[in-house]
Amino acid sequence: MWSGRTRALLRVWGLWPTGVLGRRPISCNAASLAGSNCPQCWNCGGPRGPIGGDGFFCPQCRALQPPDSTRDHFSLMDCNRSFRVDTVKLQHRYQQLQRLVHPDFFSQRSQIEKDFSEKHSTLVNDAYKTLLAPLTRGVYLLKLHGVEIPQGTDCEMDREFLMEIMDINEKLAEAQNEAAMKEIESIVRAKQKELTDSVSRAFEQGTFFIS
C-alpha cells in the first residue's frame, strides 16, 4: 500500500502555438489512411495530420477536429508525465490553448465546430486544474499508473504525521497575533515542501508501494 506520509500529502494540498507557423504538417499516405492509422477530417475527408504536434485543425481545410480521447492531461498540456511540473509553463500552455480553441473564437463557425470547441475548452480547463495543484496532479498521476486511492483511507495515515497536524491545529487555536500566525504559516510551508519532495522522489524512483 502507498506510504502513509505521501498519501497524507495528497490530502493536505486548482492563435497557434509558438513555433507552429512555418512548420510543415505531417501527412499520412494512402496506405496508412486505408489502415485507419491516420484519422480523416470530418469536413473534407482528408488525412488529419497534426499541425505543430497538436492536430486541433485539419491541415487541408482548417476545420476544427474532435478532441483526441487518447491524450492524457500531461500530453495535452505539453508537460512531462511527472509530479514535478513547471507551473509557469503550464499556465502559458493553458492560455495558448484557450486562444486556439475557446468557443468565443468559433461563434461564426459551423455548429459542429462550435460543439468541438466546447469539448476542447472543457478538456483544457480540466487538464489545467488537475495538473496545477499537487493534490489532483498526484492522484491523477497515480491513476495513470493504475493506482487508485480508495475513499476513507485517512485512518491509515502515519501516526506521527497526524500528531503534527494536531500540534499545528493547537498552535492555530492559541495564536494571538499576526507574528504567531506567520510562524505557523512558515511551519506549514516547510512541511509541505518536505512532503512534496518526498512524493516527487517516490514518483521518480517508482516506489509507489511499500511491502
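The values are calculated or read from the model by the stated rules, or taken from the named source; none is laboratory data. These numbers come from a predicted model, not from an experiment. For neighbour counting, all protein chains shown are included, and Cβ atoms are generated from backbone atoms with ideal geometry for every residue, glycine included. Remember, those area values only see protein heavy atoms, side chains included, never the ligands or the DNA or RNA. Shrake-Rupley method; radii C 1.70, N 1.55, O 1.52, S 1.80 Å.
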Requiring at least 1 residues that are at pLDDT 90 or above, open to solvent by 40 Å² or more (accessible area, probe 1.4 Å) and not small (G, A, S), the helices (runs of 4 or more DSSP H) wholly within region 40-147 are 87-101, 111-132, 134-144
Residue pairs within 7 Å by beta carbon, gap of at least six or interchain, first lying in region 61-76 and under 17 Å from H145 (Cβ atoms), second β-branched (V, I, T) and assigned to a helix (DSSP H, G or I), listed first then second, are H73/T130
So, first residue more than 9 Å from S121 (Cα to Cα) in region 93-104, second residue hydroxyl-bearing (S, T, Y) and outside any helix (DSSP H, G or I), Cβ within less than 8 Å, six or more apart or across chains; the pairs are Q96/T18
Check: Would region 155-174 turn up any residue that is of a type outside the set (A, V, I, L, M, F, W, C), more than 19 Å from Q65 (Cβ to Cβ), modelled with pLDDT of 85 or more and open to solvent by less than 70 Å² (accessible area, probe 1.4 Å)?
Finding: no
